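None of the figures in this text is laboratory data; all of them are computed from the coordinates on show. Since the model is a prediction, treat every value here as computed from it, not as a measurement. Glycine also receives a Cβ, built like all others from the backbone with ideal geometry; neighbour counts cover every protein chain displayed.
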Amino acid sequence: MDITNPKIEEYIQRLLAGHDEPVLLEMEAEAKERGFPIVGRMVGVVLEILARSIGANRIFELGSGYGYSAYWFARATGRSGEIHLTDGDPENERKALDYLGRAGLDGPVSFHVGEAVSTLEATPGEFDIVYNDIDKGDYPKAWRAARGRVRPGGLFISDNTLCSGRVTEGFDEEDPRPHWTKAIKEMNEAIAGDQDFLSTILPIRDGVMVALRLR
């Protein structure tokens with residue numbers, strides 16, 4: 001299921017051509033060549049806008065790959081920020097620090113090689129943003145771990161919350177990972193029902209959950 005009409009997506013992408021910086025283009029080319037999942041430019045710009053809109057300075061990423069989402073968050077925080085990246089592959093740490101360093105965006109970054117949720121639990125303090133993009137089967141666990149770590153006025157953001165449309169009733173294609181769909185729906189419903197958060201799903205790319213902590 002196309003979450004965004006392809007023609008609309010092409011139009012928006014053309015409007016975002018002003019972000020054609022060399023390092024960003026390299027990161028996007030690697031994703032295309034390797035089939036590596038990144039949020040892409042449409043979502044990346046949204047992440048930067050959201051971070052700037054709340055004056056985010058301290059951000060924790062649950063799942064960072066080689067630093068594509070961090071590229072946008074670091075643009076928002078500047079060198080005075082503190083962004084924690086997590087990934088289980090040390091090669092992604094090397095790539096992220098190289099890409100972000102050449103873009104002049106590595107100043108606020110600390111990269112943790114290891115399991116994302118346990119790293120969050122071991123990192124003290126509250127965050128302006130906790131961003132979730134880990135294995136989809138672990139989404140409910142990510143929400144439970146992150147919920148109390150977002151400051152009032154801060155954001156919990158999660159990618160891939162529409163699961164290619166499989167979260168909808170009557171989806172008529174075979175689901176290759178039904179446990180992923182179940183976990184994503186569980187997290188979405190837990191967030192939507194949480195009275196301490198105001199939330200919605202932005203229907204761009206594969207669905208971006210944005211939840212503002214009210215109290």
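Segment 132-215: percent of C-alpha pairs farther apart than 18 Å? List each step's numbers first, then the result.
Details: 1298 of 3486 pairs.
Value for segment 132-215 (Cα pairs over 18 Å): 37 percent.
Just the C-alpha atoms of segment 1-157: what Rg/Rh do they give, with Rh taken as the Kirkwood radius? In segment 1-157, Rg relative to Rh is 0.95.
So if I take the alpha carbon set of segment 1-83, get Rg, then get Rh from the Kirkwood formula, what is the Rg over Rh ratio? Before the final figure, lay out each step's value.
Details: Rg = 13.4 Å, Rh = 13.8 Å.
That ratio is 0.98, to two decimals.
Going from the residue with the fewest nearby Cβ atoms within 10 Å to the one with the most, Ile8, Ile201, Ile129 rank Ile8, Ile201, Ile129. Taking the helices alone, the chain has a mean residue ellipticity at 222 nm of -13000 deg cm²/dmol, built from -39,500 (n - 2.57) per DSSP H run of at least 4 residues and averaged over all its residues.
Counting neighbouring beta carbons within 10 Å and listing from fewest to most, the residues Met1, Met27, Met42 come out as Met1, Met42, Met27.
Extension gain, Asp98 to Ile8, is 29.1 nm, computed as 0.36 nm per intervening residue step minus the present C-alpha separation. The calculated pair-distance distribution of segment 14-61 uses every alpha carbon pair, bins of 10 angstrom beginning at 0, and gives 21, 47, 29, 3 percent.
Here the relative contact order of the chain, from alpha carbon pairs under 8 Å that lie six or more residues apart, stands at 19 percent.
Here the chain is scanned for GluC sites (Glu not before Pro) in DSSP loops (not H, G, I, E, B) that have at most 12 other Cβ atoms within 10 Å, and the longest stretch holding none of them is 1-168.
Taking all Cα-Cα distances within segment 92-165, those exceeding 20 Å account for 42%.
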